[in-house]
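J.: For reference, the structure I am asking about is given below.
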Amino acid sequence: MAHSADKAAEINIAATTALLKVKNIPFEDIERLRDVLRYNEYRYYILNDPLIADAEYDGLYKQLQHLEAENPGSITPDSPTQRVGQGLSKDFPTVQHLVPMLSLENSYNADDLVDWDRKARELTGLEIMTYCIEPKFDGASISLIYENDLLVRGVTRGDGVEGEDITTNIRQVRSIPLRAPFSQYGIQQIEIRGEIIMSKAAFQKYNDQQAEQGLAALANPRNAASGSLRMKDPREVAKRNLEAFLYHVSFYTMTDGRQFAVDGQPGEEPVHNKQHLLDTHSGTLQLLWNCGFRSPQKERQVVKGIDEVIKHVHDFEELRDTLPYEIDGMVIKVNDLALQDDMGMTTHHPRWAMAFKFKARQATTVLRSVEFQVGRTGAVTPVAKLDPVFIGGVTVSSISIHNEEYIKEKDLHLGDTVLIERAGDVIPQIVKSFPELRPAHAHNIHFPKNCPVCNSELFKEAEEAVWRCINLECPAQVVERMIHFVSKDAMDIKSFGEANVRKFYELGLLKDIPGIYTLDFDAISKLEGFGKKSIDNLRSAIEASKQQPLHRLIYALGIRFVGETTAKTVANAVHELFELENKTEEDLQQLEDIGVKVAQSIYKFFHNEQNIHLLKQLEALGLQLKNQKSTAQTGKDTLHGQTFLFTGTLAQLKRSDAEAMVEANGGKLVSGVSSKLNFLVVGEDAGSKLEKAKKINTIKIITEQQFIDILAQQ
Ligand SMILES: NC(=O)c1ccc[n+]([C@@H]2O[C@H](COP(=O)([O-])OP(=O)(O)OC[C@H]3O[C@@H](n4cnc5c(N)ncnc54)[C@H](O)[C@@H]3O)[C@@H](O)[C@H]2O)c1
Ligand SMILES: [Zn+2]
């Protein structure tokens, strides 16, 4: 049995991969295409283990719609376009919906919306339509029935006619009230619909747990929500922190016995809503809100005409990454419920609603090879080279795959098909690999034993995931260290940049950090692209960098674990750099926010002969090694021992100036909210730091003006 099921899966998988490669699927393949869609719907809805990215499924679905539009005679009632995709699992009893539960029609651009609006105006005879727009929550649909104010049933969408009875699991979702005061509106029984979602944070936690148990990551919060909803043990459901948005009323009975189907049956004569309690969609959302449900409230917008709709959906797409939950688009609904009735529905979707899908963020591609790159600390990072794919607005062709552990965890091989995701400005990630699609002789990814650049043996410290080249002379490291040294946040040598470091190094004009200050400009002037002006600029930028404040130099040295804030703390603790040679690890640990690991690393750096030699060279070259802002020199020590952190946007001061003022007066900056923080200076739109600080009694929360006043008193 198992064997033949495997065989069938294999055939379906092969057919899916084959069809995905065809740009225009010919009509003779229409049945094959339908089978492929059905198989992928089964994997998606029932197994909760999709084989392909949503955008790829959508692409195949559109091809089927296209073939059917050209050959209307070929449409079969069981075609995936004629019914709601989701099937029924055998794990829960099946129940019939009071009113069919349909899907939505999809649009992908402004033209699609304009077309739809034209049709809507033709159908209703109106010149301009009023629409309600709300987010398209990316979760699993549910239908709830309340009788006499009590939740009596919760059902999945299923095939649209019947769904799975998951009442016990639904009861675990805290944003769904078990009792809701519908009776105050004279409602005796009501069927409402919405979406069960998993927040981004809960999803992250969920996948972290999966990884800990060695289980595969789920592709997205939607799969996680629908999977969680169908778990057999309700206690497990409770742990998943599911949430719900409710956005629809499909049916209700009044205590006087009147019944109102807000959605009629497909093809049925419209029943007008005139004497209904509910007459608009936005009013329905408000009623749900009043009864204690989370319905789109701030998230909804009523607008007139399609131009306003287009503007709003584009504006909202910008907000996508700021929301705590995933949305995959917006839903535009005709606001007047009587008009909704007039427009009716197909077997697949209502005609009065349209989904506008945002740019896809996931796609599958093939991992072709892995390159190993050596960073400035010698860390060797594997970078996967992919067949280029276009997602989230950019083409992605290489992705960091971090380290050996990660490769194991994600089960990556050369030749693997992988699901990748790119959300907003976030660096693209590999979500998972598809072992089913792995070629028979796929190679493992072998981590090198030796540095790919200098060939010296690689080492890995216990408890660390990273292999390192520990040869300080390793050309890759030397170059990366110099790139870091000249970079904007470090010595900020303008017009030097990564490209010049690499070029000068390759030509033998630059071999180490001191070399930056002894460049042979004659030789450089002979290079292509270096005119007098650019050489002058470079020369003066290098000269100017000698006067950079000490904390920038400390940061520029690239000491492990020493970021910009730590560099400032360290710089402030001394009058001049060489004092650090005399500090013990314990001394260093006394400093704000410096723990054992950081102290050790700084100590090690300043007790290494080569490093001291480097610093002496820099001193001889005229670099500034004194802390000019040192409290001993300015004599101002009024904020001594006090720690500050800024959050939000300051109205009067530049953030960097305000921070400099703290340090110039002997205060210290810290990078996070903890009991070590004395003052949190709060600007406009302050976020989580403020919330966190409110919970710690000892932190004084002050405004920008109060901060300025404190300084003025001195
Ligand atoms: N990767 C795969 O193999 C695969 C297979 C099948 C389906 N899919 C994905 O599933 C989608 C089809 O699923 P679908 O039929 O659920 O369609 P859909 O998710 O594209 O849209 C319909 C659903 O949107 C939800 N929704 C969210 N917010 C809503 C709101 N404010 N108002 C109304 N409804 C709202 C409802 O649950 C509704 O059922 C496809 O677009 C595809 O991306 C993927
Ligand atoms: Zn090396």
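The values are calculated or read from the model by the stated rules, or taken from the named source; none is laboratory data. Just so we're clear, the structure is a prediction, and the values are computed from it rather than from any experiment. So basically every Cβ, Gly included, is an ideal-geometry build from the backbone, and we count neighbours across all protein chains shown. Quick note on the areas: whole protein, heavy atoms, side chains included, nothing else; ligands and nucleic acids left out. Shrake-Rupley method; radii C 1.70, N 1.55, O 1.52, S 1.80 Å.
J.: What is the distance, in nm, between label points placed 7 Å from the Cα along the Cα-to-Cβ direction at Asn450 and at Lys695?
T.: 5.2
J.: Another question, if that's okay. Semi-axes, largest first, in whole Å: what does sqrt of 5 times each Cα gyration tensor eigenvalue give for region 475-546? Walk me through the numbers on the way to the answer.
T.: Working: eigenvalues 60, 44, 20 Å².
They are 17, 15, 10 Å, listed from largest to smallest.
J.: A further question on this structure: For region 413-461, I need the span (max minus min coordinate) of the C-alpha atoms along each principal axis, in Å, sorted largest to smallest.
T.: 36, 36, 20 Å, listed from the longest principal axis down.
J.: Across all directions of projection, what mean area in square nanometres is found for the Cα convex hull of region 1-80?
T.: Values: hull surface 22.5 nm².
Its average projected convex-hull area is 5.6 nm².
J.: Could you provide, to the nearest whole Å², the per residue accessible area of region 475-546 with probe 1.4 Å?
T.: Values: 3720 Å² over 72 residues.
Heavy-atom SASA per residue in region 475-546 reads 52 Å².
J.: Counting only protein heavy atoms, what percent of the accessible surface of region 550-621 is carbon or sulfur at a 1.4 Å probe?
T.: On the way: 1550 of 3430 Å².
Exposed carbon and sulfur together represent 45 percent of the surface.
J.: Could you list, by residue number, the cysteines of the chain that have no other cysteine's beta carbon within less than 4.7 Å of their beta carbon?
T.: Unpaired cysteines in the chain: Cys132, Cys291.
J.: A further question follows. Among 178-185, 442-449, what's the highest-first ranking by average C-beta atoms within 10 angstrom per residue? Write down the numbers at each step before the final one.
T.: Values: 178-185: 15.1, 442-449: 13.0.
Ranked from most to least packed, the peptides come out as 178-185, 442-449.
J.: Please list 544-551, 134-141, 506-513 highest first by mean number of surrounding beta-carbon atoms within 10 Å per residue.
T.: Details: 544-551: 17.2, 134-141: 23.6, 506-513: 15.1.
Going from most to least packed, we get 134-141, 544-551, 506-513.
J.: Pop out the ³J(HN,Hα) list for region 323-328 in order, Karplus 6.51 cos²θ - 1.76 cosθ + 1.60 with θ = phi - 60°, rounded to Hz; leave Gly and Pro as x.
T.: 7, x, 10, 7, 10, 10
J.: Past 25 Å, Cα to Cα, is the threshold; run Lys449/Lys488; Lys23/Lys359; Lys408/Lys597; Lys583/Lys668; Lys23/Lys408; Lys23/Lys410 against it and keep the listed order. Can you show the working numbers first?
T.: Working: Lys449/Lys488 34 Å; Lys23/Lys359 20 Å; Lys408/Lys597 28 Å; Lys583/Lys668 19 Å; Lys23/Lys408 34 Å; Lys23/Lys410 30 Å.
Those over the limit are Lys449/Lys488; Lys408/Lys597; Lys23/Lys408; Lys23/Lys410.
J.: Moving on. Add +1 for every Lys or Arg and -1 for every Asp or Glu among the other residues with Cβ under 10 Å from the Cβ of Arg34, and state the total.
T.: Values: positive: Arg32, Arg38; negative: Asp29, Glu31, Asp35, Glu68, Asp78.
So the environment of Arg34 carries a net charge of -3.
J.: Taking only the C-alpha atoms, wrap a convex hull around region 80-132 and report its volume per residue in Å³ as a whole number. Numbers along the way, then the final one.
T.: Numbers: hull volume 8.3 nm³, N = 53.
Cα convex hull per residue, to the nearest whole number: 156 Å³.
J.: Accessible area of region 362-459 with a 1.4 Å probe: how many percent of it is carbon plus sulfur?
T.: Numbers: 2420 of 4810 Å².
The value for region 362-459 is 50 percent carbon and sulfur by accessible area.
J.: So, one more: Considering only protein heavy atoms and a probe of 1.4 Å, how much of the accessible area of region 475-546 is carbon and sulfur, as a whole percent?
T.: On the way: 1950 of 3720 Å².
The C+S portion of the solvent-accessible surface of region 475-546 is 52 percent.
J.: A further question follows. If R0 is 56 Å, what FRET efficiency do you get for Glu28 and Ser671 from their C-beta distance, rounded to 0.05? Could you put the intermediate results ahead of the total?
T.: On the way: r = 64 Å, r/R0 = 1.14.
The value I calculate is 0.30.
J.: Relative to the compact globular guide of 2.2 N^0.38 Å, what is the alpha carbon radius of gyration of region 198-320, as a ratio?
T.: Details: Rg = 19.6 Å, N = 123, 2.2 N^0.38 = 13.7 Å.
That works out to 1.43 for region 198-320.
J.: For region 550-621, taking Cα atoms only, what is the radius of gyration to one decimal and the Dmax to the nearest whole Å?
T.: Using the Cα atoms of region 550-621, the pair Rg, Dmax is 11.1, 33 Å.
J.: Tell me the label-point distance for the pair Asp233, Phe459, using the 7 Å Cα-to-Cβ offset, in nm and rounded to one decimal.
T.: Between Asp233 and Phe459, the label points sit 4.6 nm apart.
J.: Taking amide H atoms as placed 1.01 Å from N in the peptide plane, list the residues 5 or more away in sequence, or in a different chain, whose amide H sits under 5 Å from that of Ser369.
T.: Those lying under 5 Å, H to H, from Ser369 are Lys385.
J.: So what is the calculated 222 nm ellipticity per residue for the chain, using -39500 (n - 2.57) for each DSSP H run with n of 4 or more, over all residues, to the nearest 500 deg cm²/dmol? Don't skip to the end; give the middle numbers.
T.: Numbers: 25 runs with 248 residues, N = 714.
Estimated from H runs of four or more residues: -10000 deg cm²/dmol.
J.: Once you order the gyration tensor axes a ≥ b ≥ c over the Cα atoms, which shape class does region 105-357 get: rounded for a/c under 1.5, otherwise prolate or oblate by comparing a/b with b/c? Working shown, then result.
T.: Values: a/c = 1.98, a/b = 1.24, b/c = 1.59.
Here region 105-357 falls in the oblate category.
J.: Per residue, how many Å² of accessible area does region 141-246 show with a 1.4 Å probe? Provide the component values of the computation, followed by the final result.
T.: On the way: 4200 Å² over 106 residues.
Accessible area per residue, region 141-246: 40 Å².
J.: Please list, short to long, the whole-number percent of alpha-carbon pairs of the chain in consecutive 20 angstrom bins beginning at zero.
T.: Histogramming the chain at 20 Å steps yields 14, 37, 32, 16, 1 percent.
J.: Set the Förster distance to 41 Å, then compute FRET efficiency between Val161 and Asp411 from the Cβ-Cβ distance, nearest 0.05. Before the final figure, lay out each step's value.
T.: On the way: r = 39 Å, r/R0 = 0.95.
E between Val161 and Asp411, to the nearest 0.05, is 0.60.
J.: Mind checking the log10 I(q)/I(0) for region 643-712 at q = 0.18, 0.24, 0.27 Å⁻¹? Debye, one equal scatterer per Cα, no solvent, two decimals.
T.: -0.60, -1.10, -1.38
J.: Please compute the alpha carbon radius of gyration of region 479-521, then divide it by the globular-protein estimate 2.2 N^0.38 Å. Two decimals is fine.
T.: Numbers: Rg = 9.2 Å, N = 43, 2.2 N^0.38 = 9.2 Å.
Against the empirical 2.2 N^0.38 Å value, I get 1.01 for region 479-521.
J.: For region 362-459, divide the Cα radius of gyration by the Kirkwood radius and give the resulting Rg/Rh value with two decimals.
T.: Values: Rg = 13.9 Å, Rh = 14.1 Å.
When Rh is taken as the Kirkwood radius, the ratio is 0.98.
J.: If you don't mind, there's one more thing I want to ask. From the convex hull of the Cα coordinates of region 338-402, what is the mean projected area in square nanometres? List each step's numbers first, then the result.
T.: Numbers: hull surface 30.6 nm².
Computed as one quarter of the Cα hull surface, the answer is 7.7 nm².
J.: If you look for lysine pairs in region 105-357 that are eight or more places apart or on different chains, how many of them have Cα atoms under 16 Å apart?
T.: 12
J.: Here is a follow-up. Tell me, what is the per residue accessible area of region 614-713 in Å², probe radius 1.4 Å?
T.: Working: 5320 Å² over 100 residues.
Accessible surface, normalised per residue, equals 53 Å².
J.: Which of the peptides 345-358, 387-400, 638-651 is most tightly packed, and how do the rest follow, judged by the mean count of other Cβ atoms within 10 Å per residue? Could the numbers behind the result be given before it?
T.: Details: 345-358: 19.8, 387-400: 14.6, 638-651: 17.1.
Listed from highest to lowest mean packing, they are 345-358, 638-651, 387-400.
J.: Pop the C-beta distance of Tyr517 and Val426 into the FRET formula with R0 = 45 Å and round what comes out to the nearest 0.05. Each step should come with its number before you reach the end.
T.: Working: r = 38 Å, r/R0 = 0.84.
With R0 = 45 Å, the Cβ-Cβ based efficiency is 0.75.
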